[in-house]
1. Considering only residues that are touching a residue at least 40 places away in the same chain (Cβ under 8 Å) and open to solvent by less than 60 Å² (accessible area, probe 1.4 Å), look in segment 49-77 and name the one that is farthest from Ile37 (Cα to Cα).
2. Would it be correct to say that Ala68 is more than 14 Å from the chain's Cα centre (by Cα), of a type outside the set (Lys, Arg) and modelled with pLDDT of 95 or more?
3. Please verify whether segment 92-99 includes one or more residues that are more than 16 Å from Ala2 (Cα to Cα) and either within 10 Å of the chain's Cα centre (by Cα) or at pLDDT 95 or above (or both).
4. Within segment 58-74, track down each residue that is touching a Pro at 6+ places or on another chain (Cβ under 9 Å) and in a loop (DSSP other than H, G, I, E, B).
5. I need the full set of residues from segment 89-100 which are open to solvent by less than 20 Å² (accessible area, probe 1.4 Å), part of a loop (DSSP other than H, G, I, E, B) and either of a type in the set (D, E, K, R) or within 11 Å of Ile37 (Cβ to Cβ) (or both), in order please.
6. Looking at Asp31, is it within 11 Å of Arg98 (Cα to Cα), at pLDDT 95 or above and surrounded by fewer than 13 Cβ atoms within 10 Å (Cβ to Cβ)?
7. Quick one: in segment 25-57, of everything that is outside any loop (DSSP other than H, G, I, E, B) and of a type in the set (S, T, N, Q), which residue is nearest to Thr91 (Cα to Cα)?
8. Looking at segment 13-52, which of its residues are under 15 Å from Val74 (Cα atoms) and not β-branched (Val, Ile, Thr)?
Amino acid sequence: MATHTVAKGDLAAHAITLVAGTVETTTFGEDLDEVTIVSLDGAAALYFTVDGRTPTVGGANARVMPAAIGAVSVDVPTAGNSVVKVISSGTPTISIQRGR
């Protein structure tokens, strides 16, 4: 499991290349209302959670972003430091950033 930490007030963790089948955890040092997951190259689908659960590829407990260049913003339903967990069957490059 790889991890990144975004300090309070900072905007994002950029250019993260996922390892196939390995959960990538990004923790923001504050309670955010929304986060944005950005697929920089669209190389593979992304499965992610923002509620503390651990995602699996194709798992029913995760949201999915298809294999395409783009971004998706989601509300964070938890309190405390915001945590985003992402997994993929491939090796796409992503960014995780604060929302609005």
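The values are calculated or read from the model by the stated rules, or taken from the named source; none is laboratory data. All values reported here derive from a predicted model rather than from experimental measurement. Glycine gets a Cβ as well: all are built from the backbone with ideal geometry, and neighbour counts include every protein chain shown. Just so you know, the surface numbers come from the protein's heavy atoms only, side chains and all, with ligands and any DNA or RNA stripped out. Shrake-Rupley method; radii C 1.70, N 1.55, O 1.52, S 1.80 Å.
1. In this case the residue turns out to be Val76.
2. Yes; evaluated as a whole, the condition is true for this residue.
3. Yes, because at least one residue in segment 92-99 is more than 16 Å from Ala2 (Cα to Cα) and either within 10 Å of the chain's Cα centre (by Cα) or at pLDDT 95 or above (or both).
4. The answer is Asn61, Ala62, Ala67.
5. Pro92, Gly99 - these are the residues of segment 89-100 that are open to solvent by less than 20 Å² (accessible area, probe 1.4 Å), part of a loop (DSSP other than H, G, I, E, B) and either of a type in the set (D, E, K, R) or within 11 Å of Ile37 (Cβ to Cβ) (or both).
6. Details: within 11 Å of Arg98 (Cα to Cα): yes; at pLDDT 95 or above: yes; surrounded by fewer than 13 Cβ atoms within 10 Å (Cβ to Cβ): yes.
So Asp31 passes the test.
7. So in segment 25-57, the residues outside any loop (DSSP other than H, G, I, E, B) come out as 25-28, 34-39, 46-49.
If we keep only those that are of a type in the set (S, T, N, Q) as well, we get 25-27, 36, 39, 49.
Details: Thr25: 15, Thr26: 17, Thr27: 20, Thr36: 19, Ser39: 11, Thr49: 18 Å.
Top of the filtered list is Ser39.
8. Selection gives Phe28, Asp31, Leu32, Asp33, Glu34, Ser39, Leu46, Tyr47, Phe48, Asp51, Gly52.
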